[in-house]
Amino acid sequence: MGLFDHASLPILIVAVLAACNCALVGSYLVLRRMSLLGDAISHGVLPGLVIGFMLAGNRDLLPMLLGALAAALGTALATDFLKRSMRIDGDAAMGVVFTTLFALGVILIERYAAQVDLDPSCVLYGQVEYAAIDRWSGAIFGWRPPRSAVTLAIVFAIDLGVIALLWKEFLLTSFDAPLADSLGLRSTLMHLLLMGMTALTTVASFEAVGSILVVAMLVVPGAIGTLLSDRLLGVILAAQGAAILSAVFGLWSAEALDTSVSGMMAVSAGGVFAIAFVFAPKHGWLPHRLRRLALSLRIVEEDILGVLYRKHEKTHGTGDVEPESGAPPWHPAWLQILARLRLRLGGAVESFSQEPALTERGMIRGRRLVRRHRLWEIYLSDRLAIPASHLHDPAHRVEHFLDEEFTRRLEEKLDRPERDPHGREIPAPPEGKAARQKKRPPRE
């Protein structure tokens, strides 16, 4: 059985539409830190189902869906009211609302529908597999799409149209509601509109794919989007891609393993999240660890260059000034080996087998490092009145993070000093000592 055959294609279409619907509104819920609202709605719709049955007197799907939609919207509004007006934490407010409504639904079933086969799974635990046989009465170019797909396509068009029309408003209210209010945008109204869209999307998706997949798609794709992008449009697009990938791979895995399609899609979404968590270019675990390793290597390299430059300075300098007090900080042996290998391959050091010596490239890097260190010592001594005996350690921590532009401005602010508080000469800038002397303003 393939993904695009007569039986699987309708299931795939319904699953993709449901996943994209949930990922669209779920991206905003994740950014607003309201990810569990979908879980609250999935429990809170039960009394709406019962009331819809009681008013219609039958188990037709439309009145029960309308009742579920009203209950879902009520869950969102009640949660928001408790959070804003009663100063209750958002998670606690959701817990109070959905447990109360769920218990109310159980009581209504026991009281008014105990003898009726009223199965809440028609909304809570939908079967996406039925999409292959539950077709729409009409036809599109001679093809009858799944009935759930038509509903989900309409809801997706509504959500997408509202977001496109109110893009800037949603952007501001999602990231800075006080700023939006100061600009005349009603953040409360936008919040309630998003709650209504969430209720509509979840109820429409529950009937098609069930609560497990809906709750997963409301949270996981949006979380993946925040790992892959720092911009709202990038988050939404990444969430849509993750939702589609989860639906496709989930259906393929479910057919291969002969298991629940909705459950396998939710598991696939978790797998996609795990991959994004590890490999996301900016916020992923592996790139983060590699950046930290690169930073650690650079610091160890510069510490080695600093020691070698000061040794060269003592050997070829005036000879009457001792190097800075304080030994270089201890680093793991494996890190020192890597740093020395990089310095050797980079042409900064001639050899570590005998007495190490700096090349011209290494001399330039060492000079820049020691220059930054001594200028920062002067700044700490002059502006913070730190004793000379306590200057080395704080200057060493900062020297690795000062670029040349900042160092140049610092030197100008200190009136281009020639010696540090210990009496050591400040190494010349990259353009040379003659250029520094030429730039020095005449003293009156």
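The values are calculated or read from the model by the stated rules, or taken from the named source; none is laboratory data. Given the structure is predicted, the values throughout are model-derived calculations rather than measurements. Backbone-built Cβ (ideal geometry, glycine too); neighbour counts: all protein chains shown. When the accessible area is computed, the model is the full protein with side chains, heavy atoms only, and any ligands, DNA or RNA have been set aside. Shrake-Rupley method; radii C 1.70, N 1.55, O 1.52, S 1.80 Å.
Can you tell me the order of 269-277, 402-410, 236-244, 216-224 when each peptide is scored by its average per-residue count of other Cβ atoms within 10 angstrom, highest first? Write down the numbers at each step before the final one.
Working: 269-277: 17.8, 402-410: 13.0, 236-244: 22.2, 216-224: 27.8.
Ranked from most to least packed, the peptides come out as 216-224, 236-244, 269-277, 402-410.
How large a share of the accessible area of the stretch 327-420, in percent, is made up of carbon and sulfur atoms when the probe is 1.4 Å and the other protein chains stay in place?
Numbers: 3010 of 5590 Å².
Using a 1.4 Å probe with all protein chains present, the stretch 327-420 comes out at 54 percent carbon and sulfur.
Between residue 316 and residue 167, what is the label-point separation in nm under the 7 Å Cα-to-beta-carbon projection?
Result: 6.0 nm between the two label points.
Of the peptides 42-54, 93-105, 384-396, 199-211, how do they stack up when ordered by the mean number of other Cβ atoms within 10 Å, highest first? Don't skip to the answer; put the middle values down first.
Values: 42-54: 24.5, 93-105: 19.0, 384-396: 14.2, 199-211: 26.7.
The most tightly packed comes first, giving 199-211, 42-54, 93-105, 384-396.
How much area per residue is accessible in the stretch 8-280 when the probe is 1.4 Å and only protein heavy atoms are counted (Å²)?
Values: 12480 Å² over 273 residues.
Per residue, the stretch 8-280 has an accessible area of 46 Å².
With the full set of protein chains in place, find how many percent of the accessible area of the stretch 8-280 is carbon and sulfur; take the probe as 1.4 Å.
Working: 8490 of 12480 Å².
Percent of accessible area from carbon and sulfur atoms in the stretch 8-280: 68.
Need one word for the stretch 8-280: rounded, prolate or oblate. Basis is the Cα gyration tensor (sqrt eigenvalues a ≥ b ≥ c); a/c below 1.5 gives rounded, then a/b vs b/c decides.
Taking the square roots of the gyration eigenvalues as a ≥ b ≥ c, the stretch 8-280 is oblate.
Taking the Cβ of residue 97 as the centre, find all other residues whose Cβ is under 14 Å away and add up their charges (Lys, Arg: +1; Asp, Glu: -1). Could the numbers behind the result be given before it?
Details: positive: 83, 84; negative: 39, 80, 89, 91.
Net charge in that neighbourhood comes out at -2.
Once you have the Cα-Cα distance between residue 406 and residue 342, take 0.36 nm times their residue separation minus that, and quote the gain in nm to one decimal. Can you show the working numbers first?
Working: separation 64, 0.36 × 64 = 23.04 nm, distance 2.62 nm.
Gain on extension, residue 406 to residue 342, equals 20.4 nm.
List the trypsin sites (Lys or Arg not before Pro) within the stretch 236-317 that fall in a DSSP loop (any state other than H, G, I, E or B) and whose Cβ has at most 15 other Cβ atoms within 10 Å. Please report the intermediate quantities before stating the final value.
Values: sites: 282, 289, 291, 292, 298, 310, 311, 314; in loops: 282.
Loop-located and lightly packed - 282.
Given the peptides 9-17, 77-85, 375-383, 177-185, arrange them by the average over their residues of other C-beta atoms within 10 Å, most packed first.
On the way: 9-17: 24.0, 77-85: 16.9, 375-383: 19.1, 177-185: 13.3.
Going from most to least packed, we get 9-17, 375-383, 77-85, 177-185.
What does the charge count near residue 189 come to, summing +1 for each Lys or Arg and -1 for each Asp or Glu among other residues with Cβ under 12 Å from its Cβ? Walk me through the numbers before you get to the answer.
Working: positive: 186; negative: 80, 169, 181.
The answer is -2.
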